[in-house]
Amino acid sequence: MRIAIRVVQGLIALLVLMLLVGFWWYLPGELRHRPMLTGTSEDSSIRLAERRRSYVLYTPRQLAQRPALLVVLHGSMSNGERMRRDSGYRFDALADRDGFLVLYPDGVEGHWNDCRKAATYSARRLNIDDVGFLSAMIERLQRERGVDPARVFVAGYSNGGQMALRMAAEAADKVDGVAAVAASLPSADNDACQPAQQPKAALLMNGTRDPINPYAGGVVTLFGFGNRGTVLSTEDSALALARRNGQSGVPSQDRLTSVGPVWAERQRWNVAGAAPVELVTVHGGGHLLPQPVYRPPRLLGLADPDLDGPAEIWRFFSELPH
């Protein structure tokens, strides 16, 4: 009997050890090093109706006279400050270089009320007016910080990417371009948003082995939990955005990083006189914003070690006419 008990105890200890190793390997992320930033970040809030909404604003030391504004939206179960870390503070470093403001707002209970009608988190159930919140923040910074109204951009990751797509559709008068990472357009039966008001420049950046937002389209889940309904494939999403913008024909194509286990290429629809659309495909990539500073949880898949996603997003925005 004692031997059997010891065997059981040993198996339990082994199982606990395996779980700890698995947790250490798959779940935590790691900031390899924090960049030296010259600007300042401030935590603040704004009251809208009966709800107080919080945000982080990064201001570079050398702010342009009429600065651009980049709004960066976090993914599910996160917040603005964690989004700074998860993006490796790369947007802040780019702001230091080019003199623009970076706004990291917080969703309600860690989520954004995006277009996917099947979502069940609080922001969706309560029908939080995130379009109104973000629009109010943009207007506030235009008044108080002299932001150029012709240079307001929204980038988002995962749930934040979905919210960026909603801003392009329903607040086209407030934004000049959007970027969605690890996100695709909802399918028609899962789309609760109003039709797009006008063409807007758009960039998609998705991995072909994304375990949450399927590159080929289909049901979005958090590893089998939290059904978010169906989305179009990444390529169909890019084509739909291109058609909306009046872009036609075959896109140009170029490789961004060297071919390997994980590598990236870009497709561009950029007919003169129409808002451009770009698709960055990360072959073998997971549910990630690729960048060189922060190592995300391995559970989310692989990243392209040579692709700087924030720099690619800012390059797209900075090339837009204004």
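Worth pointing out:
- Residues satisfying the stated conditions in the range 207-228, i.e. at pLDDT 95 or above and either aliphatic (A, V, I, L, M) or open to solvent by 20 Å² or more (accessible area, probe 1.4 Å) (or both): THR208, ARG209, PRO211, ILE212, PRO214, TYR215, ALA216, GLY217, GLY218, VAL219, VAL220
- Options ALA119, ALA68; residue that is over 20 Å from PRO290 (Cβ atoms), touching a Leu at 6+ places or on another chain (Cβ under 9 Å) and touching a residue at least 24 places away in the same chain (Cβ under 8 Å): ALA68
- Scanning the range 268-286 for residues that are over 19 Å from the mean Cα position of the chain (by Cα) and assigned to a strand (DSSP E or B) yields a count of 2.
- When residues in the range 274-296 are screened for being open to solvent by 10 Å² or more (accessible area, probe 1.4 Å), among the small types (Gly, Ala, Ser) and over 15 Å from ALA202 (Cα atoms), 1 of them pass.
- The criterion of being of a type in the set (Phe, Trp, Tyr), part of a helix (DSSP H, G or I) and either in contact with a Pro (Cβ under 9 Å, 6 or more places away or on another chain) or touching a residue at least 24 places away in the same chain (Cβ under 8 Å) (or both) holds for PHE133.
- The range 44-57 - residue that is in contact (Cβ under 8 Å) with a residue 24 or more places away in the chain and of a type outside the set (Gly, Ala, Ser) and, of those, most open to solvent (accessible area, probe 1.4 Å): ARG51
- Residue pairs meeting the criteria (Cβ under 8 Å; at least 6 apart or on separate chains; first surrounded by fewer than 10 Cβ atoms within 10 Å (Cβ to Cβ), in the range 238-261; second assigned to a helix (DSSP H, G or I)): none
- Scanning the range 185-206 for residues that are open to solvent by less than 20 Å² (accessible area, probe 1.4 Å), over 19 Å from VAL72 (Cβ atoms) and either part of a loop (DSSP other than H, G, I, E, B) or small (Gly, Ala, Ser) (or both) gives a single hit, SER187.
- The range 81-113, residues that are in contact with a helix residue (DSSP H, G or I) (Cβ under 6 Å, 6 or more places away or on another chain), among the hydrophobic types (A, V, I, L, M, F, W, C) and under 21 Å from PRO297 (Cα atoms): PHE91
- VAL231 being more than 18 Å from GLU319 (Cβ to Cβ), modelled with pLDDT of 95 or more and either surrounded by fewer than 19 Cβ atoms within 10 Å (Cβ to Cβ) or among the hydrophobic types (A, V, I, L, M, F, W, C) (or both): yes
- Of all residues in the range 297-322, those satisfying the criterion of being more than 16 Å from the chain's Cα centre (by Cα), open to solvent by 30 Å² or more (accessible area, probe 1.4 Å) and hydrophobic (A, V, I, L, M, F, W, C) are LEU299, LEU302.
- Every residue from the range 150-184 that is in a helix (DSSP H, G or I), among the small types (Gly, Ala, Ser) and surrounded by fewer than 24 Cβ atoms within 10 Å (Cβ to Cβ): ALA169
- Answer from THR281, THR230 - the residue that is under 25 Å from SER87 (Cα atoms) and not small (Gly, Ala, Ser): THR281
- Residue selected from the range 90-112 under the condition under 14 Å from the mean Cα position of the chain (by Cα) and either part of a loop (DSSP other than H, G, I, E, B) or of a type in the set (Phe, Trp, Tyr) (or both), by the criterion surrounded by the most Cβ atoms within 10 Å (Cβ to Cβ): TRP112
- Matching residues, the range 51-71, being β-branched (Val, Ile, Thr) and touching a Phe, Trp or Tyr at 6+ places or on another chain (Cβ under 8 Å): VAL56, VAL71
The values are calculated or read from the model by the stated rules, or taken from the named source; none is laboratory data. Treat the numbers as computed from the prediction; the structure is a model and nothing was measured. All Cβ positions, even for glycine, are placed from backbone atoms using ideal geometry, and neighbour counts span all protein chains on display. Areas reflect the complete protein model, heavy atoms only, side chains present, ligands, DNA and RNA absent. Shrake-Rupley method; radii C 1.70, N 1.55, O 1.52, S 1.80 Å.
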